């Protein structure tokens with residue numbers, strides 16, 4: 001009788017432990033979106049610049065899903081886009097994702113990871129298409145070259161302005177001397193002799 005009681009309690013606690021594990025799994029999973037219903041969207045990009053599987057997908061700053069797949073387009077490039085990104089988005093956000101939206105790859109902070117940002121489009125007449133055409137991320141190297149060219153141009157401009165300011169200073173000094181001479185002649189009453 002004593003062994004049967006031990007076996008009963010062992011079985012009872014085993015089943016209770018497994019039940020608690022599944023209950024906690026579903027509670028935590030629903031908060032993190034693991035057990036929530038999801039749907040997929042496909043977005044085309046020309047370059048994903050380090051975007052990885054599992055990267056967050058945000059709608060106006062709110063996490064709504066994650067990147068599920070990243071593959072090359074099997075057929076020829078579509079609109080010069082050759083990478084297709086699969087997004088796994090929580091189903092409860094599906095109504096917000098209807099209509100004209102911009103899909104862009106962004107960087108968290110200066111050296112942070114990549115994520116997909118979805119925002120309402122500012123264009124009035126957009127096409128609803130599948131797969132969606134995304135906006136490529138800014139290329140930091142191109143940006144650096146552009147900043148370098150701008151800095152060189154500003155340096156050249158400042159040197160030219162410096163030359164013009166020196167010329168203006170000389171003209172100002174010459175004009176001041178001329179006005180001083182005229183003033184002296186006016187005081188002496190010999191203004192007419194100045195022009196003879």
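Grab the Cα-Cα distance for residue 173 and residue 107, subtract it from 0.36 nm times how many residues apart they are, and report the gain in nm with one decimal.
Length gained between residue 173 and residue 107: 18.2 nm.
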Would you mind putting 168-174, 41-47, 56-62 in packing order, based on average other-beta-carbon counts within 10 Å, highest first? 41-47, 56-62, 168-174
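FYI, it's all coordinate maths here, none of it is from the lab. Values in this document were obtained by computation on a predicted structure and should not be read as measured data. All Cβ positions, glycine included, derive from the backbone under ideal geometry; neighbour counts span all protein chains shown.
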